[in-house]
Amino acid sequence: MEILNRTLQAVLFCTLGLAIARGAGAAEAPTEYQVKAVFVFNFAHFVDWPPQSFTSPGEPFVIGILGNDPFGSRLDEAVRGEQINQHPLSVRRFRNVGEITDCRILYIDRSESAQLAQILAALDHRGTLTVSELDGSSERGVMIQFITENNRIRLRINVEAARAAGLTISSKLLRPAEIVTTQSAGTGGKD
């Protein structure tokens, strides 16, 4: 619980634009993926899913990881015992997009870079919030992209992609983020 409290404090500082401590004094500072795990967990509080997203009141709110898992146990620790609108949170790991069923938030790892277009096409209109740190992924249709600049974690958000999936992202999450749009094929989007 103590590590979770420190991680939650770190997310608060990160959202205010403060740097993540690096170097000699960083022994007590949370790791990059502890901070990102808490971000992913907190996205559930700042996004609205369509009412039909859940088939039963007690259905789990699944946060999925597709590809390699950079979080280790950090994401599991962040969601342990938590609920979103009476839905218990759970973390599932997927080897391929075909395994994904009722996933509300999906973190797409860098290891899936070559398949990103196919993954997004398979998730089209499923109501799954997509998150990644792949370079240029938000311009390619991922809804939330982590970027690290000057030891700070920032967000790029593709509101257009979220709306297409029936999701509404809170202005509280949008305000500190960079808003991007999906680039059309052939326009030379970032990779």
Q) Being surrounded by 14 or more Cβ atoms within 10 Å (Cβ to Cβ), in contact (Cβ under 8 Å) with a residue 40 or more places away in the chain and out of contact with any Cys (no Cβ under 8 Å at 6 or more places or on another chain), is that true of even one residue in the stretch 92-99? A) no
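Let's see how each residue does on (1) in contact with a strand residue (DSSP E or B) (Cβ under 9 Å, 6 or more places away or on another chain); (2) modelled with pLDDT under 50:
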| site | (1), (2) |
| --- | --- |
| Gln9 | no, yes |
| Leu18 | yes, yes |
| Ala24 | no, yes |
| Glu28 | no, no |
| Glu32 | yes, no |
| Val35 | yes, no |
| His45 | yes, no |
| Pro51 | no, no |
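Name the one entry in Leu155, Leu134, Leu167, Leu174 that is in contact with a strand residue (DSSP E or B) (Cβ under 9 Å, 6 or more places away or on another chain) and under 15 Å from Trp49 (Cα atoms).
Details: Leu155 fails: under 15 Å from Trp49 (Cα atoms); Leu134 fails: under 15 Å from Trp49 (Cα atoms); Leu174 fails: under 15 Å from Trp49 (Cα atoms).
One residue alone meets the criteria, Leu167.
For the stretch 142-163, check the following and say yes or no: at least one residue is at positive phi and among the small types (Gly, Ala, Ser). Before the answer, list the steps.
Within the stretch 142-163, the subset at positive phi is 150-151.
Those left that are additionally among the small types (Gly, Ala, Ser): none.
No: the stretch 142-163 contains no residue that is at positive phi and among the small types (Gly, Ala, Ser).
Does Ala165 satisfy the condition of being under 21 Å from Pro60 (Cβ atoms) and surrounded by 18 or more Cβ atoms within 10 Å (Cβ to Cβ)? Outline the logic, then answer.
On the way: under 21 Å from Pro60 (Cβ atoms): yes; surrounded by 18 or more Cβ atoms within 10 Å (Cβ to Cβ): yes.
So Ala165 fits the description; yes.
Assess whether Gly188 counts as being at pLDDT below 95, in contact with a Pro (Cβ under 9 Å, 6 or more places away or on another chain) and more than 23 Å from Leu75 (Cα to Cα).
On the way: at pLDDT below 95: yes; in contact with a Pro (Cβ under 9 Å, 6 or more places away or on another chain): no; more than 23 Å from Leu75 (Cα to Cα): yes.
No: the conditions fail for Gly188.
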**Q.** Subset of the stretch 152-177 that is touching a helix residue (DSSP H, G or I) at 6+ places or on another chain (Cβ under 9 Å) and assigned to a strand (DSSP E or B) - its residue that is modelled with the lowest pLDDT
**A.** Arg152
Q. Of everything in the stretch 137-150 that's out of contact with any strand residue (DSSP E or B) (no Cβ under 6 Å at 6 or more places or on another chain) and surrounded by fewer than 19 Cβ atoms within 10 Å (Cβ to Cβ), which residue is nearest to Gly166 (Cα to Cα)?
A. Thr148
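Based on what the data block shows, is Asn158 touching a residue at least 60 places away in the same chain (Cβ under 8 Å) and more than 23 Å from Val91 (Cα to Cα)?
Details: touching a residue at least 60 places away in the same chain (Cβ under 8 Å): no; more than 23 Å from Val91 (Cα to Cα): yes.
Judged against the criteria, Asn158 is not a match.
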Q: Output the number of the condition that Ala121 fails; it satisfies all remaining conditions of (1) closer than 22 Å to Thr168 by Cα; (2) buried (at least 21 other Cβ atoms within 10 Å of the Cβ).
A: (2)
**Q.** Single condition Arg140 does not satisfy, out of (1) of a type in the set (Lys, Arg); (2) touching a residue at least 40 places away in the same chain (Cβ under 8 Å); (3) in a helix (DSSP H, G or I)
**A.** (3)
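When the residues of the stretch 56-71 are narrowed to those that are not in a strand (DSSP E or B) and not acidic (Asp, Glu), which ends up modelled with the lowest pLDDT? Walk me through it before giving the result.
Restricting attention to the stretch 56-71, the residues satisfying the condition of being not in a strand (DSSP E or B) are 56-60, 67-71.
So of that shortlist, the ones also not acidic (Asp, Glu) come out as 56-58, 60, 67-68, 70-71.
Working: Ser56: 84, Pro57: 80, Gly58: 84, Pro60: 94, Gly67: 95, Asn68: 96, Pro70: 96, Phe71: 95.
Top of the filtered list is Pro57.
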(Q) Let me confirm something: among Ala37, Ala78, which residue is in contact with a Leu (Cβ under 6 Å, 6 or more places away or on another chain), surrounded by 13 or more Cβ atoms within 10 Å (Cβ to Cβ) and part of a helix (DSSP H, G or I)? (A) Ala37
Q: Determine which single condition Leu120 fails, assuming it passes every other condition in (1) closer than 23 Å to Pro51 by Cβ; (2) not in a loop (DSSP other than H, G, I, E, B).
A: (1)
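The values are calculated or read from the model by the stated rules, or taken from the named source; none is laboratory data. For clarity, every value in this text was computed on a predicted model and none was experimentally measured. In this analysis, Cβ positions are derived from the backbone assuming ideal geometry, glycine residues included, and neighbour counts consider all displayed protein chains.
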